[in-house]
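Everything on this sheet refers to the single structure shown next.
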Amino acid sequence: MKRKEPNEKRIAALVRELLAELGEDPGRDGLVKTPERVAKSLAFLTRGYRQNLRAVVNGARFESGTNHMVILKDIELYSLCEHHMLPFFGKCAIGYISQGKVLGVSKLARIVDMYARRLQIQERMTEEIARAVMEESGAEGVGVVVCAKHLCMMMRGVEKQNSEMTTSAVLGTFRSDEKVRQEFLSLIK
Ligand code: ZN
């Protein structure tokens, strides 16, 4: 789904109102340009909404004679939780077994960014990344594991500062074949 670019002027005006409501003086030196900065930063952090998978992968599929498991791990990710609009961040591991086609390594990282740069919950994002890799690679199976820390847990509420959430999504043979899933899990350790 392609969305239009956000209206940064309008967002800045809303942020100015928000600052005032929080008891701040949006006119003081340090804050004068804050609304525009927040608008720019939010536009960037949600740009995944305005990307599409085809364009992101952009045909970077390569023929490969083998059908071994391909793993890319420690892919950094930064996202915003949709419940509090606070960051969550961590690492993602992706594995798949190709059926003659592999995706460029940088494309896997770009797929992660495309789904991370929007308001998310970690579970859904993990699933979306897995489906996207499956769709674009035509793999026989895909596994994705995401470990992330959520500022909404660390800074507020329960203040559990060291807790990390792990989510996984497995499709195709990664779901149906226990051995494949175990191989994936041991390789990403
Ligand atoms: Zn949250």
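Out of (1) modelled with pLDDT of 95 or more; (2) hydrophobic (A, V, I, L, M, F, W, C); (3) part of a helix (DSSP H, G or I); (4) within 16 Å of the ligand (Cβ to nearest atom), the odd one out for residue 184 is which?
Residue 184 satisfies every listed condition except (4).
Keeping to segment 61-79, report how many residues are aliphatic (A, V, I, L, M) and in a loop (DSSP other than H, G, I, E, B).
First, the residues of segment 61-79 that are aliphatic (A, V, I, L, M): 69-72, 75, 77.
Now drop any that are not in a loop (DSSP other than H, G, I, E, B), which leaves none.
The qualifying residues number 0.
Please report, ordered by residue number, the helices (runs of 4 or more DSSP H) entirely within segment 80-176 with at least 2 residues that are more than 14 Å from the ligand (Cβ to nearest atom). Full working, then the answer.
Details: elements: 105-116, 122-137, 151-154, 173-176.
Those helices (runs of 4 or more DSSP H) span 105-116, 122-137, 173-176.
Could you list all residues from segment 13-46 that are closer than 30 Å to residue 111 by Cβ, in contact (Cβ under 8 Å) with a residue 12 or more places away in the chain and of a type outside the set (Phe, Trp, Tyr)?
Restricting attention to segment 13-46, the residues satisfying the condition of being closer than 30 Å to residue 111 by Cβ are 37-46.
Next, from what is left, pick out any that are in contact (Cβ under 8 Å) with a residue 12 or more places away in the chain: 38-40, 42-46.
Once the filter is applied, which keeps residues that are closer than 30 Å to residue 111 by Cβ, in contact (Cβ under 8 Å) with a residue 12 or more places away in the chain and of a type outside the set (Phe, Trp, Tyr), segment 13-46 yields 38, 39, 40, 42, 43, 45, 46.
The values are calculated or read from the model by the stated rules, or taken from the named source; none is laboratory data. Fair warning: this is a prediction, and the values are worked out from it, not measured in the lab. Counting neighbours? That spans all protein chains shown, and the Cβs are built from the backbone with ideal geometry, glycine included.
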